[in-house]
Each structure stands twice: as C-alpha cells, then as structure tokens.
Amino acid sequence: KHNLNFNYSFMNNEIPSEGFFTRTYTNQTPYLETKSTFYNGVDIPSHNIRFSYDYTIKEKIEIGTSITGYSSVEDQNSTTGYQEGQEINYEFSRTELKDWKSAQVNLFANYKISENTKLDFSYDILNYENYTNYNAFFEESIPNLPVDIFTEKKSPFDIRVSKIDFESLLFKKINFSAGFKYIKSDFTNINSVNIDQEIQEEYSNQSILDEYIMAGYSQANFDLSKKIKIQAGLRYEFTDTFVHSGLGDTFVDREYGNLFPSLFLGYKLNDFNNLNLSYSKRISRPAFTDMAPLLVFIDLNTGVFGNLSLRPSYSRNYQIDYRYKSIGLSAQYSDEDDIVARWSPTINPSTNFVTFTPNNLDKRETLTAIINFPINPTEKWNIRYFTSFSYSQVRGSFENRQVNTSVTSFRFNLNNNINLT
C-alpha cells in the first residue's frame, strides 16, 4: 500500500565562450563602425532533489504527494573589448551572478469509479526565487567613461495549479476524457541600474503581475471502422493578466478567451500502408523571464532588456504522415501569429544606444518535410536514417521598419543498432 521514492542529483556545467560582433550605424555621415570582442567563463553547478509518497487507501482510492527542489548558482566572469572608429578603444571586465531556486509541492488523489471510469484530482504549489546581478568595471584612467555599472534584479514567482480530470469508456468503444484546470500566477520584479552609484530611472522599475487562467477541455478516441481511427479534442482557455507598478501605473490589463480544437484521423489502407492526418490550434505564452526584465550591458552602446507588454502567439498546425512498411514520410505546415522575436534591436538616435528586447512580430510560416527509412548492412547491424528539411519565413513590422526574413535548414540523423551477441 505504501510507495516511497527519493532522488538527488548534482551537475556542474562549465561553458566558456568567445566571439565578436561588428556594427555599422547608418544614421550619421560618415557611417560609424564599432567592434566588440568578448570572452566569457561560465560555471553553473546545480542541485535537484525529489521526494514522493503515495498510499493506496482502498483498491479504488489512492492519494499521494511529491516535493521537488532545484538550486542553481551561475557565476560568470568575462572580459569585453570595444573599439569605435579610430579614436575610442577600451576594455572592461564584468561579473554576473544568477541565483535560481525553486520548490514544488504536489498533492493528488485518484478514484477508480469502475473498471473503465476514473477521477483524478491534483493541486500544485510552485515557488521560484530568481536573483541576478551584473557588475562591470572600467579603468579609472579612461576619460569620459564610468568606473562602475551595477544592475540588480529580484523576481520571486508564485504559481498555484488546481486540476480535476475524468476518464471513461463510453458505449464500450469511445475513450472519453474531460477536465478543468485553474492556474493563478504572481510575480514581483524589482530591477535597478546604477552607474557610478547613481540610479538610472529609465531602466529601473518595479512590476507586479497578477494572472489567472481557466481551462476546460475534452477529448474522444474511437474507431470509426476497422480501418479508420479518430481522435478529436476541444479546449477553451480564459486568461486575465494584470501588470502594474504598485504605485498606480498600469503596464498590462488584458483579458481574452480562446478555443483550441484538435483533430487526428488515422487510415489503415492495408497491412503495409498507413495514412495519418492531423490539425491543431495552440497558444504559446511569453515566458515570465522575458517579461521580468534585467538590463545587461554587452558594451556601453548595447544592452539587453525585457518587455512587460509581450502578447501570446497562436499557431495553426497541419500534418500528414504516410508509412509504407518501415518507410515513413511526413509533411508539416505551421502558421503562427504574433510570434515572439527575442532579439529585436531599438536604437536611440541621440546616443546611439542599442537595446535588444523581445517583441511580437506579425507572422511566421514554417514548412517541414521528413523522411525516415531503415538500412540493414548485415543481419546484426540495423541503421535508421532520418532526413528533415525545414523552411521558415517571418514577416512583420517593428520600429516603423518592415521585417521579412527566412531560414532554411537541413538535418541528417543516423541511428545505429549493432547486436554484438
């Protein structure tokens, strides 16, 4: 009746990187050329812990809990060199500390009403603590430059999730499931930027998020005939998001409801040929870490910041799969609105300061084709070969400029399985 589990893991990532980027400012004559070179040394030790316990009260009733914890402290040291035209040339060092801690408690109960019918209840409490600071140091002998830049961010997150699910076999042939979920999210983001101990009001703020999401969903799986299988689902979500400063300023006040259908059709032509068709509509909400901004200076002319006003993106996804024996062909098409472009540059024409922020662009269309088939060089050596081709195009407008860009990619993959004995 009792089931107890405990797990602990530790990992340390060391991720050094080096590179450079150049920039040409065309908003002045003659054009201004800059170049930044950098070296980063990153050390990320992390700890994971998990405890779970469940108890079978009766044959039909089970209750339990699980507790998980995570801790990571990323320590980064870097050196950056900057050159602007022929006259400005300097180097500075910086340190960056990212302290992540999280804990999650789950409570659940399962009730088996009958052989083919059951109810599941669960409640989750999630807490995240995110502290980040960034410090850049310059030589005091360099004229017209600061000695010290210090930025700091504190972002505690709290999320509560309540869920109830029902599953049953209807009319002895329809697998039906339905459920309801309620999510309450809160975060407080305090961000400050200091240059030579003077606070920079333009990049220092406090933002408080209060959001709830309600979702109702259902799904049915059944065989229309011996050759045709259908899976259909419908989900409705209502979202209320409110972001304010705590001092009377409102950044985001948004309410919206969406319906998300999905349909899967499987057709078995014969023992060697299978055809599948599917359609789904999905939502991708912006990450809280993109909304809770911290200003990081890449150099004195470039910074990375967040965006409290990010909107969710919506995608419509179509897919067709055909399989002949062990050969598979697949084609996928996705049409996504309001995509989040994470590195969108904005320039201040008076200071030439460039800020990279995540922003919404109008549309992204993606077409993907996949083929996979086996190769058997010997009786004991099996190879599975995968090839995918993907084409993605992004369109939209940003800062009164039109954006139209595309990416084409190929991917090849070989999986080898050798039976030694």
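Place a point 7 Å from Cα of Tyr391 in the direction of its Cβ. Which residues in segment 342-385 have their backbone N less than 15 Å from it? So the set is 365-370. All C-alpha to C-alpha distances of segment 1-125, sorted into 10 Å bins beginning at zero, yield P(r) values of 10, 22, 18, 15, 13, 11, 8, 3, 0 percent in whole numbers.
Measuring how big segment 129-264 is from its alpha-carbon positions, Rg and Dmax come out at 25.1, 83 Å. Labels on offer are [x] 81, 51, 43; [y] 64, 48, 38; [z] 81, 53, 52, and the one holding Cα extents along the principal axes in Å computed from this structure is [z].
Using a probe of 1.4 angstrom and keeping all protein chains present, the accessible surface of segment 293-421 works out to 58 square angstrom per residue.
Springs join every pair of Cα atoms under 10 Å in this Gaussian network model of the chain, and among Ile57, Ile228, Ile375 the largest mean-square fluctuation is at Ile375. The alpha carbon convex hull volume per residue for segment 291-336 rounds to 163 Å³. May I ask you to derive the relative contact order of segment 225-332, considering only C-alpha pairs under 8 Å and at least 6 residues apart, and to give it as an integer percent? In percent, rounded to a whole number, it is 22. For segment 277-364, the dipole from Cβ point charges (+1 on Lys and Arg, -1 on Asp and Glu) about the Cα centre works out to 420 debye, to the nearest 20. Counting only protein heavy atoms and a probe of 1.4 Å, the accessible surface of the chain is 54% carbon and sulfur.
Shape class of segment 260-364 from the alpha-carbon gyration tensor: prolate, with a/c at 1.5 or above and a/b greater than b/c. For segment 342-357, backbone phi angles converted through the Karplus equation (6.51, -1.76, 1.60; θ = phi - 60°) give residue-by-residue couplings of 6, 10, 9, x, 10, 10, 8, x, 7, 10, 6, 7, 9, 10, 9, 9 Hz, Gly and Pro being listed as x.
Mean sequence separation of contacting Cα pairs (under 8 Å, at least six apart), scaled by the length of segment 270-421, corresponds to a relative contact order of 18 percent. Binning all Cα-Cα separations of segment 301-421 at 10 Å, short to long from zero, yields these whole-percent fractions: 11, 28, 23, 17, 13, 7, 1, 0. Per residue, the solvent-accessible area of segment 70-161 (1.4 Å probe, heavy atoms of protein chains only, all protein chains present) comes to 54 Å². Projecting the Cα atoms of Thr355, Thr378, Phe305 onto the charge dipole of the chain (Cβ charges, centred on the Cα centre) puts Thr378 farthest toward the positive pole. As a length-normalised measure over Cα pairs under 8 Å and 6 or more apart, the relative contact order of the chain settles at 7 percent. Across Ile149, Ile61, Ile283, mean-square fluctuation computed from a Gaussian network of the chain (C-alpha pairs under 10 Å connected) peaks at Ile61.
The values are calculated or read from the model by the stated rules, or taken from the named source; none is laboratory data. Note that the coordinates shown come from a computational prediction; the quantities given were computed from them, not determined experimentally. Here Cβ is always computed from backbone atoms with ideal geometry, including for glycine, and neighbour counts include all displayed protein chains. All accessible areas refer to the heavy atoms of the entire protein, side chains included, with ligands and DNA or RNA removed. Shrake-Rupley method; radii C 1.70, N 1.55, O 1.52, S 1.80 Å.
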